[in-house]
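Data first, discussion second: the structure below is written as structure tokens.
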Amino acid sequence: KRYWSPSMYKILKYEPGQIDHCVDVLKLITHPEDYARVSSSASKMLELNEPFNQQLRLRCGDGEYKWFQTRAVTLRHEN
């Protein structure tokens, strides 16, 4: 299961449920010039447990792209 905090939705100007917080949403909201780099880093995070630490532009709910410094880690549970 993937999680975005309520603050993440607020910062991006989306309502919870308006966009899904799955990895595929990266393709929808990441600036096209940043997507290949971000996608590669996200894959490494999920497959190799490498930390995700990227500067990228994300399209907010109002249609504008804004710069973000993002960090994420994979947390796994035996279930």
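Read-outs throughout are calculated quantities, based only on the coordinates presented, and are distinct from any laboratory measurement. This one's a predicted model, so the numbers in the text were calculated from it and none came from an experiment. Please note: Cβ atoms are built from the backbone with ideal geometry, for glycine as well, and neighbour counts cover all protein chains shown.
Summarising the amide proton neighbourhood of residue 30: residues at separation of 5 or more, or on other chains, whose placed amide H is nearer than 5 Å comprise 59.
If I fit a long axis through the Cα atoms of helix 35-48 and take the longest principal axis of the Cα atoms of the chain, what angle between them do I get, 0 to 90°, rounded to 10? Computed tilt is about 30 degrees. Rounded to the nearest Hz, the phi-derived 3J(HN,Hα) couplings of the range 28-34 under the Karplus curve 6.51 cos²θ - 1.76 cosθ + 1.60 (θ = phi - 60°) are 6, 10, 7, 4, x, 6, 9, where x marks glycine and proline. Model label sites at residue 7 and residue 52, defined 7 Å from Cα along the beta-carbon direction, differ in position by 1.7 nm. Remark: the range 54-59, residue by residue, has Karplus-estimated 3J(HN,Hα) of 9, 9, 8, 9, 10, 7 Hz, where x stands for each Gly or Pro and the curve is 6.51 cos²θ - 1.76 cosθ + 1.60 at θ = phi - 60°. Size descriptors for the chain: radius of gyration and Dmax over Cα atoms are 12.5, 39 Å. Sequence-distant contacts, meaning Cα pairs under 8 Å at least 6 residues apart, place the relative contact order of the chain at 26 percent.
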